Amino acid sequence: MSAMAVPVRRRKGAGLGLVAWLAGILFFLPIAWMALTSFHSESDAATNPPSFTASLTLDGYREFFGTGGGASPWPALINSTVASLASTLFVLLLALPAAYALSIRPVRKWTDVLFFFLSTKMLPAVAGLLPIYLFAKNAGMLDNIWLLVILYTSMNLPIAVWMMQSFLAEVPVAVIEAARVDGARLPTILARVVAPIALPGIAATALICFIFSWNELLFARVLTGVVAETAPVFLTGFITSQGLFLAKVCAASLVISLPVLAAGFAAQDKLVQGLSLGAVK
């Protein structure tokens, strides 16, 4: 490598780093704005342009947690946690053997199978809303948290199989063959051989499924009422005929976003590693 090529490459890397930092700040600004607004009073939050020097208060958070006489958010937060975690667990239990069959022990025309899985995500959610509502009504499952668990599992399963198939394709076949020679059966191979090797991919898939389930609003809004109300549905209740209380909405949005932000921050290394798995041969 010539001496002139090194400074050029360094300048190019510095330029790309600067662009990445600018993009990160650009995506972070709305969150920072929402967090700052949540600590303002309603009168200060309604000013346009916003006042950055306004006094800070916790009134928005007190209103959200029901200390001012409003509804408590804890049932909705618990419902979202149960629906998201349970559906993600079921998705992983179903997607792992399916991805194993499509990658390590491929079936005939496995690419057609993957395309079919992915094509199910092309249907607009609103197109299936009425049939699902009628089925839930006739089955007596309206306003039932386990209906959402079933729906979220079926909605996230295709994308989970698609992702995990590419992850499991990187597992060395020789390791699996060695385990099979030692007498290990399929459940043991999946749990003790395949899963530890593909752990970054499994973690990335689980995180994405959890985020999709936690943020889902349409089905939860139509199919739930009071008992199975989720956090996004609870958040829509802050938009009333009296107007939009901006500080309280920002406080509620920040609290409801914290589990997703915390999960993404905690698993960011495995998420990046999992999403980049197989990108470089």
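We did not get these values from a lab; they are worked out from the coordinates using the rules stated. This structure is a prediction, so every number in the text was calculated from the model and none was measured. Neighbour counts run over all protein chains shown; Cβ positions are idealised from the backbone, glycine included.
Each peptide in 18-25, 97-104 receives the mean, over its residues, of other Cβ atoms within 10 Å, and ordering these scores from highest gives 97-104, 18-25. Out of [x] 82, 43, 35; [y] 72, 69, 33; [z] 47, 44, 37, which label holds the value of Cα extents along the principal axes in Å that was computed here? Of the labelled values, this structure produces [y].
What does the extension gain come out to for Asp182 and Val226, with contour length at 0.36 nm per residue minus their alpha carbon separation? Intermediate results must be reported in sequence, preceding the final value.
Numbers: separation 44, 0.36 × 44 = 15.84 nm, distance 5.36 nm.
Computed gain between Asp182 and Val226 is 10.5 nm.
Label-to-label distance for Ala101 and Val82 is 3.1 nm, based on points extended 7 Å past Cα in the beta-carbon direction.
Residues with beta-carbon under 14 Å from that of Asp44, excluding Asp44: net charge, scoring Lys, Arg +1 and Asp, Glu -1? For residues surrounding Asp44, the net value is -1. Were the residues from Glu42 through Leu118 laid out at 0.36 nm apart, the gain over their Cα-Cα distance would be 22.9 nm. Karplus-derived 3J(HN,Hα) values for segment 35-44, using 6.51 cos²θ - 1.76 cosθ + 1.60 with θ = phi - 60°, are 5, 5, 5, 5, 9, 9, 6, 4, 5, 6 Hz; glycine and proline are entered as x. Relative protection proxy for 51-64, 139-152, from highest mean packing down: 139-152, 51-64 (other beta-carbon atoms within 10 angstrom).
Could you give the length gained by full extension between Thr57 and Tyr133, i.e. 0.36 nm per residue of separation minus their alpha carbon distance, to one decimal place? Please list the in-between numbers first.
On the way: separation 76, 0.36 × 76 = 27.36 nm, distance 4.22 nm.
My answer for the length gained is 23.1 nm.
Normalised by the number of residues in segment 146-266, the average gap of Cα pairs under 8 Å and 6 or more apart makes the relative contact order 23 percent. Compared with the dominant principal axis of the Cα atoms in the chain, helix 246-266 is inclined by about 20°.
Relative to the Cα centre, the charge distribution of the chain, modelled as +1 at Lys and Arg Cβ and -1 at Asp and Glu Cβ, gives a dipole magnitude of about 1080 debye.
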